[in-house]
Amino acid sequence: MTILDLEAIATFHAGAPAPKILAQSGHARIVMFAFRKDQFLDKHSASSPITVQVISGKIDFSTEEERVTLLPGELLILEPEVPHKITALEETILLVYIIPNPKAHTLEKEVFEKLTPMIEI
């Protein structure tokens, strides 16, 4: 069993959102992002469904067809292969659950390939 204090391990970067792979297995990937206000992840997509959970702060989550504001305590579930963009409306910590672990993600080389998971399951 592992307990992670998300606010304690979140790090914020000046230029771009700060991702951390909290846990990864052949079946799932859990990623934490720390955003400063107005930072964003430009349009991207994953081959797996994703679930987004805001821990603190507030984000604008948009697809080509919809745009919503997501607050702490809310979950957003998105089908695979749907391009989407995330913009922080204030300093924000959020979790992204990607299940199953994606075979393809448009941010793989730019973001995830450079990260080492905190926990391998």
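The values are calculated or read from the model by the stated rules, or taken from the named source; none is laboratory data. Here the structure is a predicted model, which is why all the values come from computation and not from measurement. Backbone-built Cβ (ideal geometry, glycine too); neighbour counts: all protein chains shown.
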Under the condition of being surrounded by fewer than 18 Cβ atoms within 10 Å (Cβ to Cβ) and assigned to a strand (DSSP E or B), which residue from the range 98-121 is modelled with the lowest pLDDT? ILE119
Working carefully through the options ASP38, ASP42, ASP60, find the one that is among the charged types (D, E, K, R), within 14 Å of LYS85 (Cα to Cα), modelled with pLDDT under 95 and loosely packed, with under 15 Cβ neighbours inside 10 Å. ASP42
Of the residues in the range 1-51, those that are without any contact (Cβ under 8 Å) to a residue 60 or more places away in the chain, part of a loop (DSSP other than H, G, I, E, B) and among the aliphatic types (A, V, I, L, M) come to MET1, ILE3, ALA14, ALA16
Could we say that VAL31 is under 14 Å from ALA88 (Cβ atoms) and touching a Pro at 6+ places or on another chain (Cβ under 6 Å) here? no
Among (1) at pLDDT 95 or above; (2) over 21 Å from ILE119 (Cα atoms), which single condition is LEU95 missing? (2)
In the range 40-73, anything charged (D, E, K, R) and under 19 Å from GLU7 (Cα atoms) is listed as LYS58
Just one of LEU89, LEU71 is surrounded by 15 or more Cβ atoms within 10 Å (Cβ to Cβ), at pLDDT 95 or above and farther than 25 Å from GLU120 by Cβ; which is it? LEU89
